Amino acid sequence: MKMALILGDQLSHSLSVFDALDKQADLLVMAEVDAEATYTWHHKQKIALIFSAMRHFAQELRQAGWQVHYHEYDAQHAQLSLLDVLQAVCEQYHPDSLAMTECGEYRLHYQMTVSWQSALNIPVVILQDDRFFCSKTQFATWADERKQLRMEYFYREMRKHSGLLMQGPEPVGHRWNFDADNREAYRGDVPVPKPLRFLRDDTDVAVCALVQQHFADHPGTLAHFNWPTTRSQALTALSHFIEHRLPHFGRFQDAMQQHDDFMFHSLLSTSLNCGLLLPREVCDAAEQAWHQGLAPLNAVEGFIRQILGWREYVRGLYWLKMPDYADMNTLGNTRDLPAWYWTGETRMNCMRACLRNTLDHAYAHHIQRLMVTGNFALLTGIEPRQICDWYLAVYADAYDWVELPNTLGMVMHADGGLLASKPYAASGSYIHRMSDYCQHCPYNVKTATEHDSCPFNSLYWHFIGRHATQFAGNPRMSMIYRSYQRMPAEKRLALVQKAESLLETIDAL
Ligand code: FAD
Ligand code: DLZ
Ligand code: SF4
């Protein structure tokens, strides 16, 4: 008899390991364990989502005729790891091997490949995870042939490889990328659809009670828990997005609003990342909407690019560069993360709004993560490890393979420009242009060196000034450095002094 371990982010009925098993003879193992629930300080909603989705998935497997050994979280025996559970299963059932689909994070992958076989004393067979468009080997081959690993070129290869939005060898609409049409601020002309609300069943309720009791000190609240925890709910979420949000997803992809936490975003990352949805079916559904005239090409291309392009690209990069990637810090940042990242208690309204969204929903959309909370960490020089740990903890869709390149590479530029050709640094005017946050803020976005000036403004110039050696020669930043050099010396000095006084009092901003 074989045993197979199904992880909390492998909840897909088409998972490769099933092909290697016999339903009649073999045993599936699933385990809620402290080691996975606490290796980072996960938001309560992330633990509730994974435990509940795991319990529902185990039930579906049993209904499909599989034997499942399911280990529910046991507070009496906290401190358990996946290996502890597998060892107990071995003693009980004496399987002759362990099969699994490769796992998503380097941390666990390392443990499995280095120590599990000898600890369990049976062969461990690890199969490729074919839920992605691009395998690790395919990505490594693509990377090997290039000097620069730009997402845009990878994405074009993936379009050709997948056939998505292609007409023969050409992209439909004669352009690969419609991003230039996707940068509108939101002025209220199109109402934002209300998010779907999911009915919670006994399993969801029991798991939320468990999390509330045993993970009470973890960040965030369960009060607004509304993530799909079954495949059927995830499919409903996909249809709802395609019908109601996708048509305007492109135009307002970068827009932020004080009173709308989700805008036109899909909220599908949690389901994609734990396996309830497959990237191919999500992209197919979006493409189909375009063929049926239900959504314009700029929206559909923009959406598919996020999944077929960015999601695959960051995974490829992660596996190509780990484990060294996690320790990179090319800008030499050392500042501690302000404690208010965990509470949302800051007067900067944009930060306050994005942190509130994060704590309420274990969610923030991409521009909130990149251009508000991320931008502030970049400008103030937070140590990459600390900000990466924060992003890994607070989002329900966070797994190291996707969080790390986005934070360390895209936000912090700590990988020396491997992922992004220039840092995504911005002053308050970007936030002002793309949101209504500044209207409700005690700081003044129009000034930089007054007592009530927007902190992002002087901090932006401080960043530009202190990193001139790294970026002044970057052609994509030459205009900024020209403006910086043209600035009167006394103005530059005032900006530096203002920024330094803000950095000294960062905990009280
Ligand atoms: P939508 O805006 O509707 O996008 C559709 C889908 O595209 C998403 O569901 C997601 O699967 C994919 N996608 C979009 N952007 C990216 C991206 N940059 N990288 C990978 N996939 C992408 N995404 C995660 O899934 N997990 C993370 O831990 C994570 N951490 C991030 C940390 C930072 C600092 C930043 C800047 C981005 C991070 N992202 C992460 C990417 C992105 O912000 C989220 O995927 C997105 O906000 C999820 O919301 P949504 O499903 O409504 O996305
Ligand atoms: C995220 C998570 C959590 C909170 N808990 C569990 C768990 O108890 N059991 C499990 O199998 N998986 C869990 N996961 C997901 C794993 O952490 C994830 O599979 C690894 O990080 C690999 O990506
Ligand atoms: Fe944020 Fe500055 Fe606008 Fe306030 S004024 S909301 S701190 S960008």
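The values are calculated or read from the model by the stated rules, or taken from the named source; none is laboratory data. Because the structure is a prediction, the values reported are computed rather than measured. Reconstructed Cβ throughout: ideal geometry from the backbone, glycine too, with neighbour counts over all protein chains shown. Keep in mind that these areas ignore ligands, DNA and RNA; they rest on the heavy atoms of the full protein, side chains included. Shrake-Rupley method; radii C 1.70, N 1.55, O 1.52, S 1.80 Å.
What number of residues in segment 432-486 are charged (D, E, K, R) and open to solvent by less than 60 Å² (accessible area, probe 1.4 Å)?
2
Restricting segment 326-356 to residues that are β-branched (Val, Ile, Thr) and open to solvent by 50 Å² or more (accessible area, probe 1.4 Å), which is nearest to the chain's Cα centre (by Cα)?
Here the answer is THR343.
Restricting attention to segment 221-246, report how many residues are open to solvent by less than 40 Å² (accessible area, probe 1.4 Å) and not in a helix (DSSP H, G or I).
Residues flagged as open to solvent by less than 40 Å² (accessible area, probe 1.4 Å) and not in a helix (DSSP H, G or I) within segment 221-246 amount to 8.
Quickly run through segment 373-415 and pick out the residues that are aliphatic (A, V, I, L, M) and within 15 Å of the chain's Cα centre (by Cα).
Across segment 373-415, the qualifying residues are ILE387, LEU392, ALA393, VAL394, ALA396, ALA398, VAL402, LEU404, LEU408, MET410, VAL411, MET412.
Among (1) open to solvent by less than 20 Å² (accessible area, probe 1.4 Å); (2) at positive phi, which single condition is PRO405 missing?
Result: PRO405 passes all but (2).
Within segment 307-354, take every residue that is small (Gly, Ala, Ser) and touching a Gly at 6+ places or on another chain (Cβ under 9 Å) and give me the one that is farthest from ligand 2 (Cβ to nearest atom).
Among them, the one singled out is GLY332.
How about segment 158-208: which of its residues are at positive phi and in contact with a Lys or Arg (Cβ under 7 Å, 6 or more places away or on another chain)?
Selection gives LEU165 alone.
Do we find that SER12 is open to solvent by less than 40 Å² (accessible area, probe 1.4 Å), within 16 Å of ligand 1 (Cβ to nearest atom), of a type in the set (Gly, Ala, Ser) and more than 19 Å from GLN212 (Cβ to Cβ) in this structure?
Here the answer is yes, as SER12 does meet what is asked.
On the given criteria, is GLU36 part of a helix (DSSP H, G or I), crowded, with 19+ Cβ neighbours inside 10 Å and of a type in the set (Asp, Glu)?
For GLU36, the condition - part of a helix (DSSP H, G or I), crowded, with 19+ Cβ neighbours inside 10 Å and of a type in the set (Asp, Glu) - is met.
Criterion first (more than 20 Å from CYS274 (Cα to Cα) and out of contact with any Gly (no Cβ under 8 Å at 6 or more places or on another chain)) does ALA48 satisfy it?
no
Would you mind telling me which numbered condition in (1) open to solvent by less than 10 Å² (accessible area, probe 1.4 Å); (2) within 20 Å of the chain's Cα centre (by Cα) ALA289 fails?
(2)
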